[in-house]
Amino acid sequence: MTVLHAPSVRHRQRKWVARWASFLVLSLGAVVWLTPLVWAFSTSLKRPIDMYSSPPQFIPDPIVWSNYPEALTLQPFARFFLNSAFLVVMSTSGTVLTSAIVGYSFARLRWVGKNVLFVVVLATMMLPTQVTIIPTFVIFRSIGWIDTFYPLWVPAWLGGSAFHIFLFRQFFMSIPRDLDEAARIDGASTIGIFWRILLPLSRPAVIASAIFHGVWVWNDYFGPLIYLRSHEHYTVALGLQLFQGQHHSEWTKLMAASLAVAFPILLLFLIFQKWFLQGLRFTGVKG
Amino acid sequence: MFTAFPLVFSFGLVFTDWDLFGTPEFVGLENIDRFISDNRAHNAFIVTTKYAVCAVSLNIVIGLGIAVLLNQNVPLAGIMRAVYFLPSILPAASIAIIWRWIFSGDYGLLNWLLSLIGVMGPNWVHSRQYALVAVIIIYVWQLGNTILLFISGLQNIPGEVLEAAEVDGAGAWKRFTRITIPLLSPVILFNLIIGIINSLQVFTVVVFMTGGGPRNSTEVIMLYLYNNAFRSFRMGYASTLAWALFLYILVLTMVAMRWSKSWVYYGGE
């Protein structure tokens, strides 16, 4: 017995060492990974003269919280936050709803050319956005939508987006069809089945889809850059650019503004961490 | 409908000269000729390629390393995962400004850290040599999604296979190279292709960090395209650049797929 016993102890010891060595390396890495954000936060609470001190001052003294309200009023950030929030709500609700409907149609309904069209939808996922930017811009310009919010949220209501359609289709496919049939026997319509049965059961897909899209809209810079002109329409990303342009080396306030813009995403991440870290599974991307 | 029309329209624009205000004028292959002799466009493709190759390969290698360590059942694994993931979802605009401060020549944190080990740091974003390196570092920092995909791939590797190899006397490194890597190769390929597609279209971080400078050393394709379309209003030439970029992405993706046949292992076959 002792012959068998010996390697198992050594094995367990080796596992233990591997585990703690990994932990050590990962902890050091985590410090490196967090440093930029922590350093930005520290800078955002300093007086301008303290930001150049050498050696660097890690804990600000004194702590200047007023950098935040000052930075956010140097440019009308309240307005930028509202604009971004408006776009997030409009675009996300549109994408989630229409993608769910289209995904439902692909998952459950029978119609001619469905499979072909599904392939087409998947193909648009690989489609070059850079190639469609100019024509899309020209179309929106010809209907007078430049410097309005419409180009940034109306398309979300016209058929959803391929990634989200795929996500919903995959999720609906995993719900047993018996449920639909039972509901149909009870007199539910096609729309009723979708609205009362499948959608409530798909809460995880709805949340994942809303989070992915919402974060994307909040962070988007290219879309607003192309379509929005006047400052009162600016989103947070454009606001940051404006701010950086005019207060190029006021680092304390630049850090405050940058972190304030990132803050809603950080908050969302802390609340919905599990969805961020597992969300991709729904798409069936298992690798 | 919504995609077919812009595609045809965009392709048509390649053969025109159009400033967005007048009527498009047919110019035949002039835009393509111009692209072939446009040094600034060539520079943009070279810069973008350098960026993509370095950023994607570092992202995958470091991401794989972190994922393997995270998968060792370490303490606080959840928090660790969150820390490494977080940078990849924050707004690119914020991130670029925060890093511009880290990279600041005289008072930046990075150069101070370098000075501790006796290295005189460059003036990162104002240096023709190092500005691109700075942009690459940011891409590598944002490896959250890469890690997530690797972790779910690692969790699909049956533990028995690794244990059997261990019983047969295979060391940790051998198990990693002979079992983990081959079984993970489809995920590596997936990350590689996503990486190629994303990195070749880099835009926001460059705009906020360097604006393409100094002296075009970080002028990536999307930035040159944007300037042509929306600053100089050369819609025809910008469309030509867009198609060139698209074809370039397509070719590189296909090369990666072809190359992958020699190293990707699909369990089902």
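Since every read-out is calculated from the coordinates, none of them should be taken as a lab result. Here the structure is a predicted model, which means the values were calculated and not measured. Neighbour counts run over all protein chains shown; Cβ positions are idealised from the backbone, glycine included.
Before moving on, here are some points about what is shown:
- Relative contact order of chain B, pairs being alpha-carbon contacts under 8 Å that are 6 or more residues apart, as %: 30 percent
- Computed from Cα positions, the angle between helix B:235-260 and the longest principal axis of chain B comes to roughly 30 degrees.
- Listed residues B:N59, B:S104, A:W251: farthest to the positive end of the dipole of the protein assembly as shown (Cβ charges): B:N59
- Reachable lysines from A:K15, criterion Cα separation under 22 angstrom, eight or more residues apart if same chain: B:K174
- When the Cα atoms of the range A:2-67 are aligned to their principal axes, the ranges along those axes come out at 69, 22, 16 Å in descending order.
- Selection among A:P48, A:S22, A:H11 by position relative to the dipole of the range A:1-70 gives A:H11 as farthest towards the positive end (Cβ unit charges, Cα centre).
- Angle between chain B longest axis and helix B:131-141 axis [Cα atoms, degrees, rounded to 10]: 40 degrees
- For the range B:1-146: relative contact order, % (alpha-carbon pairs under 8 angstrom, 6 or more apart): 23 percent
- Given their separation in residues at 0.36 nm each and the Cα-Cα distance between them, B:F11 and B:W112 gain 31.3 nm when the chain is fully extended.
- Once the Cβ-Cβ distance of B:A165 and B:I46 is raised to the sixth power relative to R0 = 45 Å, the FRET efficiency obtained is 0.55.
- Candidates A:V25, A:V236, A:V217, ranked by Gaussian network fluctuation over chain A, Cα under 10 Å, top entry: A:V25
- Per-selection Rg to Rh, chain B - Cα, Kirkwood hydrodynamic radius: 1.05
- Gain on full stretching of the segment that runs from A:S53 to A:F86 - 0.36 nm per residue minus C-alpha separation: 7.8 nm
- Helical contribution to [θ] at 222 nm, DSSP H n ≥ 4, -39,500 (n - 2.57), averaged over the protein assembly as shown, rounded to 500: -21500 deg cm²/dmol
- Taking the range B:79-105 and a reference point 7 angstrom along Cα→Cβ of B:Q155, the backbone N atoms nearer than 17 Å belong to B:79-86.
- Debye intensity ratio I(q)/I(0), log10, chain A, q values 0.06, 0.09, 0.10 Å⁻¹ (C-alpha model): -0.32, -0.65, -0.76
- Residue by residue along A:30-37, Cβ atoms of other protein chains within 10 Å of the local Cβ number 6 on average.
- Here's the picture: charge each Lys and Arg Cβ at +1 and each Asp and Glu Cβ at -1 in the range B:41-260, and of B:Y226, B:L148, B:N198 the one pushed furthest to the positive end of that dipole is B:Y226.
- Sites A:T129 and A:W20, calculated FRET efficiency, Cβ-Cβ separation with R0 41 Å, nearest 0.05: 0.35
- Spin-label pair A:R79/A:H231, simplified geometry with 7 Å Cα→Cβ offset, distance in nm: 0.7 nm
- Panel order for A:E70, B:E160, by other beta carbons found within 10 Å of each beta carbon, from fewest to most: B:E160, A:E70.
- Mean Kyte hydropathy of -0.5 or more with a Cα span along the axis of at least 27 Å, helices from DSSP in chain A: A:2-44, A:77-108, A:251-271
- Given R0 = 60 Å, the distance between the Cβ atoms of A:H248 and A:T190 translates into a calculated FRET efficiency of 0.55.
- Across the protein assembly as shown, Cα-Cα pairs farther apart than 34 Å form 47% of the total.
- Test item: Cα-centred dipole of the range A:75-246, Lys/Arg +1 and Asp/Glu -1 on Cβ, debye: 240 debye
- Comparing A:R19, A:R184, A:R108 in a Gaussian network model of chain A where C-alpha atoms under 10 Å apart are linked, the largest mean-square fluctuation is found at A:R19.
- Stretching the chain fully between B:N73 and B:E25 yields a gain of 10.9 nm (0.36 nm per residue, less the alpha carbon separation).
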